[in-house]
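Below: one structure, written as structure tokens.
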Amino acid sequence: MTWVLENLDLLGSRLLAHVLQAIPPILLAFVLSLPIAKLIAVRGWLRTSLTAGAGLLYAIPSLPLFIVLPLFLGTSIRSPLNIVVALTIYGLALMVPSASEALRAVSGDTLRAATAQGYAPLQRFWQVELPLAGPALVAGLRVLAVSTVSLVTVGGVLGVPSLGMLFIDGFQRGILEEILSGIVLTVALALLLDLLIVLGARVALPWARTPRRKGARA
Amino acid sequence: MIAFENVGKTYPDGTTAVEDFSLEIASHEAVVLVGTSGSGKTTLLRMINRMVDPSRGRVAIDGEDVAGLDPVRLRRSIGYVMQASGLLPHRSVLDNVTTVPVLRGTSRREARSRALELLETVGLDPALARRYPSQLSGGQQQRVGVARALAADPNILLMDEPFGAVDPIVRADLQQEMLRIQKELHKTIVFVTHDIDEAFLLGDRVVLLRPGGVVAQQGTPQEILAAPADDFVRSFVGADRGTRTLHVEEIEGRRIVVDADGRAAGVLEPPAGGAARA
Ligand SMILES: Nc1ncnc2c1ncn2[C@@H]1O[C@H](COP(=O)(O)OP(=O)(O)OP(=O)(O)O)[C@@H](O)[C@H]1O
Ligand SMILES: [Mg+2]
């Protein structure tokens, strides 16, 4: 415990670095997955190739990717930008299939009804299709957020500062408290993000939590 | 006026839903398309608001080919009610009813006050306005669907089995409501159903369809009942089941109409201005 109290500054800066590397790929992967998923839904033949492609992306081992990326990006091996790009790629691999499934699950009848009322195609996508896919998208986003937060730690091996560095450093120097703080903070950060997403969804999708009233009469 | 001029529809998969269909529907007239499942009713209805474009022939509204109209604007000018109400689950009842006026640029406030009136028109308690569709019964949802279709005060109302999914008691109620609304508003209505009783009740004119959108017979309910064109029509309207053959019996000086099974169907009044009452 004393180690923790003496190193609060270090913990704080590692936590901040971790958050800064986790949030951008989560947002990027989520936002980019939507148009890609929509494209997949519109062009049926794209679905098989792109979802398979996305699965393959996920099979790329993360450590080599972190090492190879700087060659493409022209960044240094310790640059957090590598982490952001790599995790966006993984995030897309996770989120594209999930978003395309979410869009596919929206009732065709409801969409046709919206068209019949006079929604223009883009209006219908933003105002009807996307909100109705909302609950399933949120489920995907939760997995994306938690997985990204945990993947950021891999960068620690390469010396990119993050909570991951705490366990690497803790192992090398035999400081149990440092290892534990790294693990606890990573888990806590993942849980906190997850909670924020759930609360945000409640506000943004109020209709999704109203219980059905069955057996009511006209 | 809506005119179908030799329209046909073959879907991309090769199904010919409608072979060659022609019909004129006068303004303020309620026409019911009735026929078995797959006879092309929905296909025909959707040609009017360009949800389906005909493969052959043309559909004209007031003489203008709909193919030349902007589909989005066309749809905003036509009320559409479908079977499972088609309400947007993520919008409150009120916001569902204001959909089309808001799409057309009416201010939300103005649209809402009109929507509340409309809820009363269709027999709904305005207290339901804040609910989501999933919190309503099937019958209530259909009423909201009708209110939504009326919200922009369209001249044309398309209704695709709007009361198909509710129980018979609620359905009868909705039908009466529909008759009352039509008496007040005089819309041009194209109504699709496979229930011949509903067709006879609501239609100024009824069009009986065979598979392929082939017209088996069309006319007023009276004309069809008086002279069914063929066996298909006869069996469809139930003429051969005896449910529609009524006869008159005199009981205690009153003339009672009795069906083929001997059940009393009603009392026969002398025609207005006819013989003096006893
Ligand atoms: N999008 C489509 N693609 C291919 N075939 C279709 C499509 N829509 C309808 N059909 C076919 O066209 C025919 C007529 O369909 P339609 O929906 O117009 O019938 P309907 O009279 O409305 O039937 P129901 O009473 O069951 O609603 C059917 O054989 C149907 O399978
Ligand atoms: Mg149909």
Subset of the stretch B:189-209, residues open to solvent by 10 Å² or more (accessible area, probe 1.4 Å) and farther than 21 Å from B:A3 by Cβ, comes to B:H194, B:D195, B:I196, B:D197, B:F200, B:L201, B:L202
Just one listed residue, out of B:G35, B:G40, is closer than 23 Å to B:I224 by Cβ, within 13 Å of ligand 2 (Cβ to nearest atom) and modelled with pLDDT under 95, and it is B:G35
Restricting the stretch B:151-178 to residues that are more than 12 Å from the chain's Cα centre (by Cα), closer than 20 Å to B:L103 by Cβ and surrounded by 21 or more Cβ atoms within 10 Å (Cβ to Cβ), the one modelled with the highest pLDDT turns out to be B:A151
When B:Q222 is run through (1) in a strand (DSSP E or B); (2) surrounded by fewer than 16 Cβ atoms within 10 Å (Cβ to Cβ); (3) modelled with pLDDT of 90 or more, the failure sits at (1)
Reported set for the stretch A:99-123 where residues are surrounded by fewer than 20 Cβ atoms within 10 Å (Cβ to Cβ) and away from every other protein chain (no Cβ under 14 Å) is A:E101, A:R104
Exactly one of B:G203, B:G212 is in contact (Cβ under 8 Å) with a residue 40 or more places away in the chain and within 16 Å of ligand 2 (Cβ to nearest atom), and that one is B:G212
Residue set B:V248, B:V257, B:V214; condition open to solvent by 60 Å² or more (accessible area, probe 1.4 Å) and either more than 18 Å from the chain's Cα centre (by Cα) or farther than 28 Å from B:T10 by Cβ (or both); output residue B:V248
For the stretch B:99-115, check the following and say yes or no: at least one residue is more than 16 Å from A:G118 (Cα to Cα) and either under 23 Å from the mean Cα position of the chain (by Cα) or within 8 Å of another protein chain (Cβ to nearest Cβ) (or both). yes
Result of the Cβ filter at 6 Å on the stretch B:163-175, keeping first residues that are more than 8 Å from every other protein chain (Cβ to nearest Cβ) and partners that are open to solvent by less than 20 Å² (accessible area, probe 1.4 Å), at least 6 apart or interchain, is B:F163/B:L174; B:R171/B:F163
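Looking at the stretch A:76-159, what helices (runs of 4 or more DSSP H) fall wholly within it and have at least 2 residues that are more than 21 Å from B:A84 (Cβ to Cβ)?
Ranges flagged: A:80-104, A:121-124, A:130-152.
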When the stretch B:118-134 is checked residue by residue, the ones that are over 24 Å from the mean Cα position of the chain (by Cα) and not in a helix (DSSP H, G or I) are B:R131, B:Y132
Here, strands (runs of 3 or more DSSP E) confined to the stretch B:1-111 with at least 2 residues that are open to solvent by 50 Å² or more (accessible area, probe 1.4 Å) and touching a residue at least 12 places away in the same chain (Cβ under 8 Å) are B:2-10, B:16-25, B:56-61
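The values are calculated or read from the model by the stated rules, or taken from the named source; none is laboratory data. All of these numbers come straight from a predicted model, not from anything done at the bench. Please note: Cβ atoms are built from the backbone with ideal geometry, for glycine as well, and neighbour counts cover all protein chains shown. These accessible areas exclude ligands, DNA and RNA; they are computed on the full protein's heavy atoms, side chains included. Shrake-Rupley method; radii C 1.70, N 1.55, O 1.52, S 1.80 Å.
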